[in-house]
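Report on the structure given below.
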Amino acid sequence: MTETHVPADTIRSIFSAAMTQMYRDEVPRYQEMTRIVGEIDGEALARDPALEARLRRSGAFDLIGVERHGAIRVGRPEELAGLRRLFTVMGMYPVGYYDLTPAGVPVHSTCFRPVETESIRRCPFRIFTSLLRPELIEGEDLRREAQEILARRRIFTPRCLHLIEIFEANGGLGEALAIEFVHEALHTFRWRGEATVTAGVYEAYRKAHPLVADVVCFHGPHINHLTLPTLDIDAVQKALAERGLDPKSIVEGPPQRKFPILLRQTSFKAIAEPVRFAGRDAARGEHRARFGEIEQRGAALTAKGRALYDRLLAETLAANPPRDGAITDYRAELERRFVAFPDDAATLRAQGLAFFRYAPGENRSATGDAETLLREGALIAEPITYEDFLPVSAAGIFQSNLGEGGRRELSASANREAFEHALGTKVADETAIYAHEEKSSLERALAVLGQRSPMAENAGR
């Protein structure tokens, strides 16, 4: 009799909970951030009684305070391909390609995440994963040595690899093996406080770029941050500063709005952690790379909406980049530019700027096209939450936690083909995922209402 396989969503939930506990133990400041976010979210719910109803209707209420994502960095194509296999066990697949080199960060990235709506509701956890581009390391000797150092390490335990093979051969894992898999997988992401190189080698890579040192000089892709969602990121940003958690200077992403869009992020800056270096002298020092992040998500934008967002953000950055001493000017410029972006659901939907999920309403007697059904209350349109990332924002978070050394001019272009070759598969197009969800939800809702679906062909703009 074949043992029942544990659902991937369940394995992901167990892994997420275990990683959260591990990170909270490793980074006590993250626990303080968690308390602050909990207080702010409680105040937001008390201030807006309708908020809880909206969150329950969307399925998001039970996810308050549940980590949304973490981030890691790897050094070799083989490591990236191995992570793809590992995350598949947990129902996480590569979505989106992100080139961070325009912001001076020598990596390109994807996000391993669940893709089905119900899977996200069961456990939204995902991992933003970056691959080092060694060709961007300054100095031929450093580049060659980095590749030699990385070639010697193994980021997965032998047992973890064997359990992945069992999963791939059998199409799943039983309960005992699933629990063991989570235990073994955690070793890949654990902070050890030990470098694989001498202090001198570490310092050479830190001077070249702090992120390169973080990737090259340690045993594996230790989790460099976890991220909590919040209902009021601006209040959290203020509270972090008031309680001495040293937040980054700005909230990345769009400005505060009545109708949230895409993703807003902030973090407390990376902590200094003790490190023991390799070598006969076993020198000791410190390393800064790990921090806590907060996010607030809004509606996913269509290609048209994203083009408008990218243009307004680019204009803001060109006119008033967020420099020390000029943060107020940047915020004012951002708000001024984004006046051009509609700030209500009806306009965003009418102009095809955001994606919406449709459901049958209470009025089941109305007839007509989809627009009529919406006006009559026969159809309900709710924004689809953006589940992905923004390259400029991700780079901004990275830079603020790498110090001034994290800002470099890199003359490089995106190389999606090389990234996908290393990954061993193509990354999914996030916009296509939202378009499919919008279109299929409309078709299902109209079928329940006994209506034809002329608008479904145009949904997912």
In whole Å, how far is the Cα centre of segment 332-370 from that of segment 148-165? 48 Å
Keeping all protein chains in position, work out how much accessible area Cys123 exposes to a 1.4 Å probe, and write it in Å² to the nearest 10. 10 Å²
Accessible area expressed per residue, the chain, with surrounding protein chains retained (probe 1.4 Å, Å²): 44 Å²
Once you have all Cα-Cα distances for segment 1-159, histogram them in 5 Å bins from zero and send the whole-percent values. 2, 7, 13, 15, 16, 16, 13, 8, 5, 3, 2, 1, 0
For the chain, what does the helix formula give at 222 nm: sum of -39500 (n - 2.57) over DSSP H segments with n ≥ 4, over the residue count, nearest 500 deg cm²/dmol? -14500 deg cm²/dmol
One would report the antiparallel percent of DSSP beta bridges in segment 61-190, rounded to the nearest 5, as 65 percent
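Could you give the length gained on full extension between Arg190 and Glu315, defined as 0.36 nm per residue of separation minus the Cα-Cα distance, in nm?
41.0 nm
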Write down, largest first, the equivalent ellipsoid semi-axes of the chain in whole Å, where each equals the square root of 5 times an eigenvalue of the alpha-carbon gyration tensor. 38, 27, 21
With no solvent and one equal point scatterer per Cα, compute the Debye intensity ratio I(q)/I(0) for segment 211-293 at 0.14, 0.21, 0.24 Å⁻¹ and report its log10, rounded to two decimals. -0.61, -1.01, -1.18
Eligible aspartates and glutamates near Lys269 by straight Cα distance, threshold 13 Å, same-chain separation 8 or greater: Asp246, Glu293, Glu404
Carbon/sulfur accessible area of the chain, % of total, 1.4 Å probe, equals 50 percent
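Out of all DSSP beta bridges with both ends in the chain, state the antiparallel percent to the nearest 5.
Close to 70 percent.
The values are calculated or read from the model by the stated rules, or taken from the named source; none is laboratory data. The model shown is predicted, which means the values in this text are computed figures rather than measured ones. When the accessible area is computed, the model is the full protein with side chains, heavy atoms only, and any ligands, DNA or RNA have been set aside. Shrake-Rupley method; radii C 1.70, N 1.55, O 1.52, S 1.80 Å.
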